[in-house]
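Notes follow the structure.
The values are calculated or read from the model by the stated rules, or taken from the named source; none is laboratory data. Owing to the predicted nature of the structure, the values given are computational and were not obtained by experimental measurement. Backbone-built Cβ (ideal geometry, glycine too); neighbour counts: all protein chains shown. Heavy atoms of the whole protein, side chains included, go into the accessibility calculation; ligands, DNA and RNA do not. Shrake-Rupley method; radii C 1.70, N 1.55, O 1.52, S 1.80 Å.
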Amino acid sequence: MKSIFLSRPLGVLVFLFVCIVSMAHAGSRRSEKAVARHYDGIDVSHHQGIINWKEVGRDKQIRFVYVKATQGTSITDEYYLRNMRGVREQGLRCGSYHFMSSRSSVRAQFRHFRAMMKRCRQDLIPMIDVEREGVKGWSRKQVQDSVALFARLVKKYYGKKPLIYSQVNFYNSHLAPRFNTYFLFLGKYNSRRPEIKGAGRHNIWQFTERGKVRGIKGHVDLDRFMSGTSLRDIRL
């Protein structure tokens, strides 16, 4: 087999080209990693156990925290009051959410949420967590009518419409486009941002459920504002 050698000038040019391409790819990977590490907030519940909020408060990326308050009509998250106290001691902006259940009436669920979610302890609008397993057994219409009623009760009592959380696939199959004018907090765990059916856009992207934050053992959800949305938009 013959060996083919490049002339010295051509070889130098090829070497420089390979170096430039490699540097560009490395820069792109660093940029992608920086984007992947960027987050604006977290949401927590009893799943995170006892949180060291002093350590969490040192994380300069965290601008907001949503804390699970209630579920259905009888469940109060066991760490809710502890978490709210810890968040506020660190000066972090906080809000509370209710996990909706198909096992009890919407009005009774709201009364339960209202009893725990004291306005004076909140910085952010309330959030309704609407997930497939929570509203199992309800039709699409029942899900929509129930969310609409809970939202009306929130608006009447707290003065602002709630934030709506859901996984993007469930949101599109059961809630879109009826709630597209609300502030939307959508979960989708890959590198492509969520897209909603119909006109409108989502506001906060829960892009991973396996985030790591100092002060929290195990994993935590990491959340990111989308372009055009800021902390001001979700203030209570």
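Quick check: anything in segment 60-71 in contact with a Ser or Thr (Cβ under 8 Å, 6 or more places away or on another chain), open to solvent by 60 Å² or more (accessible area, probe 1.4 Å) and either modelled with pLDDT of 95 or more or aliphatic (A, V, I, L, M) (or both)? No, there is no match, as no residue in segment 60-71 is in contact with a Ser or Thr (Cβ under 8 Å, 6 or more places away or on another chain), open to solvent by 60 Å² or more (accessible area, probe 1.4 Å) and either modelled with pLDDT of 95 or more or aliphatic (A, V, I, L, M) (or both).
Quick grid of which residues meet (1) open to solvent by less than 20 Å² (accessible area, probe 1.4 Å); (2) of a type in the set (Lys, Arg); (3) in contact with a Leu (Cβ under 8 Å, 6 or more places away or on another chain):
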residue: 124; (1), (2), (3): yes, no, yes
residue: 132; (1), (2), (3): no, yes, no
residue: 145; (1), (2), (3): no, no, no
residue: 164; (1), (2), (3): yes, no, yes
residue: 170; (1), (2), (3): yes, no, no
residue: 180; (1), (2), (3): yes, no, no
residue: 208; (1), (2), (3): no, no, yes
residue: 215; (1), (2), (3): no, no, no
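Looking only at residues of segment 195-229 that are part of a loop (DSSP other than H, G, I, E, B) and small (Gly, Ala, Ser), we find that the one that is modelled with the highest pLDDT is 215. Every test in (1) outside any loop (DSSP other than H, G, I, E, B); (2) open to solvent by 30 Å² or more (accessible area, probe 1.4 Å) is passed by residue 151 save one, and that test is (2). In this structure, residue 173 does not satisfy being of a type in the set (Ser, Thr, Tyr) and in a loop (DSSP other than H, G, I, E, B).
The residues of segment 130-148 that are in contact (Cβ under 8 Å) with a residue 12 or more places away in the chain, out of contact with any His (no Cβ under 8 Å at 6 or more places or on another chain), farther than 25 Å from residue 42 by Cα and assigned to a helix (DSSP H, G or I), listed by number, are 142, 146, 148. From the list 91, 95, the one residue that fits, being touching a helix residue (DSSP H, G or I) at 6+ places or on another chain (Cβ under 9 Å) and closer than 30 Å to residue 61 by Cα, is 95. When 192, 232 are checked against the criterion of being part of a helix (DSSP H, G or I), on the phi < 0 side of the Ramachandran plot and surrounded by fewer than 17 Cβ atoms within 10 Å (Cβ to Cβ), a single residue qualifies: 232.
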